[in-house]
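Here's the structure, in structure tokens; my notes come after.
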Amino acid sequence: MSGQPRRMKFGVFIAPWHAIGEHPTLAIKRDMDLVVALEELGFDEAWIGEHHSYGRELISNPMIAIAALAERTKRIRLGTGVVSLPYHHPLMVADDLLQLDHMTQGRVMLGVGPGALTSDAYMMGIPTEMQRERQAEALAAIMHLARNEEPLTMKTDWFEMNEAKLQMAWYSDPHPEFATAVTVTPSGPTLAGKYGISLLSVAGADSDSFSRVWGWAEESAREHATQVDRKNWRVVVNLHLAETREEAIEDVRRGYANRAYYGDVRDAEQRVGGIFGDATDDIEVAMQARSVIIGTPEDAIKKIQDLVDLSGGFGTILCFAHEWAPTHKIMKSYELLMRYVAPVFQGHMDRLTWARDFVEDNRRGIFGATPAAMLKAFQDANKELPDVLKQGFAALQAQREKAEASKQS
């Protein structure tokens, strides 16, 4: 499939990200409450990350979070964004997913990656240069377990399986959705194409490689005789909306330094960029990046369309869950997104505009008989017209006489 899918979906990507200085219990609770609130606003999905070492991303196991959210939500789909495969035995990942597939009744999705926070890998003694290779090995095992009836025997230098097979059938048919993460390298898209699974662009929309990402996935799909679909490509953006652009900027100006992997640091010289835009505290400069959308719904519509045009089309926008503004301002931003931006990319506005124009353009034609029908109803009942209708009919007759005189002149 090529081109933009007909209906874009909207979701949230919860790393999660929290500044140092507040109670972690309340921060995690707020992450859970956010997903519940977004379901009420009509969001399609929420992705939750895995991190272990930095003190800012406080959820270590997204599957535990998803299990809790399964009891508090009914419709929104819940994904791991992402499980870092080199940190886990693949049989355990697949089996945990299997249980969640039943507990969520088919709403869980498995997003996987090599692990973006290298301090996690360092603590576990995993060489950074081995992370992508181990991700590929683990994903091969998981996809076999998910799709094949034959038991799997497999041995690598870091895990072993002996006649491994999942003990239950999937709730989903044929299995839950799988997705691989991508920032700027071809490794994620190559795996997505190899297995015909989804792609999750957690970063990289500002890099030169963004326009080539889907091409890498399609090239790999052709090589492995699989199929990929643009509707299953998700792109993460940093978004905050308000009624005016000036208000949106001021909402986030104070909290902007607490963003991503380079903002909230003790030493400004330690900041590193390249993942979520340049390491700058100048919001106006950051807004020039493709992945940073700060402004009005109209600004968001334009920038999302620019991303669509550059990429050739994708299926879902995921809002990175920054806490760079007060909570009520953040929730207002999400509301504006779903009220005014989402309908434009979901095909709602064209039909609504047509319906309005149809009625207004035909008010004197198709609907011109309505006053006469009302008058006849009173006459048939032998009842006198109320004064308000008499005035209305008189005004309508005056308009008709004026229009007729204008035609004759």
Pair list, Cβ < 6 Å and 6+ apart or interchain, from region 4-33 residues that are of a type in the set (Val, Ile, Thr) to residues that are in a helix (DSSP H, G or I): 12/38; 14/31
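Return the residues of region 112-136 that are among the β-branched types (Val, Ile, Thr) and farther than 19 Å from residue 198 by Cα; say none if nothing qualifies.
Going through region 112-136, the residues among the β-branched types (Val, Ile, Thr) turn out to be 112, 118, 126, 128.
Across region 112-136, the qualifying residues are 118, 126, 128.
Per-residue answers, yes or no, for (1) surrounded by 14 or more Cβ atoms within 10 Å (Cβ to Cβ); (2) within 30 Å of residue 40 (Cα to Cα); (3) touching a residue at least 60 places away in the same chain (Cβ under 8 Å):
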site	(1), (2), (3)
78	yes, yes, no
105	no, yes, yes
109	yes, yes, yes
128	no, no, no
149	no, no, no
164	yes, no, yes
171	yes, yes, yes
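Residues that are modelled with pLDDT under 95 and either aliphatic (A, V, I, L, M) or buried (at least 21 other Cβ atoms within 10 Å of the Cβ) (or both): does region 20-37 have at least one? If you could, list the steps in order and put the result at the bottom.
Within region 20-37, the first condition is being modelled with pLDDT under 95, and the residues that meet it are 20-22.
Then drop every residue that is not either aliphatic (A, V, I, L, M) or buried (at least 21 other Cβ atoms within 10 Å of the Cβ) (or both), which leaves 20.
Within region 20-37, one or more residues are modelled with pLDDT under 95 and either aliphatic (A, V, I, L, M) or buried (at least 21 other Cβ atoms within 10 Å of the Cβ) (or both).
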Any hit, region 84-107, residues being at negative phi and under 17 Å from the mean Cα position of the chain (by Cα): yes
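Mind checking which strands (runs of 3 or more DSSP E) fall wholly inside region 1-86 and carry at least 2 residues that are touching a helix residue (DSSP H, G or I) at 6+ places or on another chain (Cβ under 8 Å) and under 20 Å from residue 328 (Cα atoms)?
Working: elements: 9-14, 45-48, 77-84.
Where strands (runs of 3 or more DSSP E) fall fully within region 1-86 and carry at least 2 residues being touching a helix residue (DSSP H, G or I) at 6+ places or on another chain (Cβ under 8 Å) and under 20 Å from residue 328 (Cα atoms), they are 9-14.
Scanning region 318-356 for residues that are among the charged types (D, E, K, R) and in contact (Cβ under 8 Å) with a residue 12 or more places away in the chain, which turns out farthest from residue 13 (Cα to Cα)? Give the derivation first.
Going residue by residue through region 318-356, those that are among the charged types (D, E, K, R) are 323, 329, 332, 335, 339, 350-351, 356.
Then keep just the ones that are in contact (Cβ under 8 Å) with a residue 12 or more places away in the chain; that gives 323, 329, 332, 335, 339.
Numbers: 323: 12, 329: 18, 332: 17, 335: 16, 339: 19 Å.
Checking each candidate, the answer is 339.
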Residues of region 38-69 satisfying the condition of being surrounded by fewer than 21 Cβ atoms within 10 Å (Cβ to Cβ), within 28 Å of residue 341 (Cβ to Cβ) and small (Gly, Ala, Ser): 42
Residue tally, condition in a loop (DSSP other than H, G, I, E, B) and either touching a Pro at 6+ places or on another chain (Cβ under 7 Å) or not assigned by TED's automatic domain parsing to the domain that holds residue 188 (or both), over region 107-144: 3
Only listed residue being among the acidic types (Asp, Glu), touching a residue at least 40 places away in the same chain (Cβ under 8 Å) and farther than 30 Å from residue 309 by Cβ, chosen from 157, 206, 101: 101
In region 183-195, the residues that are within 20 Å of the chain's Cα centre (by Cα) and at pLDDT 95 or above: 188, 189, 192
Among the candidates 268, 225, 217, residue that is at pLDDT below 95 and assigned by TED's automatic domain parsing to the domain that holds residue 85: 268
Close pairs from region 224-236: first farther than 11 Å from residue 8 by Cα, partner loosely packed, with under 15 Cβ neighbours inside 10 Å, Cβ under 8 Å, at least 6 apart: 229/1
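The values are calculated or read from the model by the stated rules, or taken from the named source; none is laboratory data. Keep in mind it's a predicted model, so treat the numbers as computed, not measured. Every residue, glycine as well, gets a Cβ built from its backbone with ideal geometry; the counts of neighbours run over all protein chains shown.
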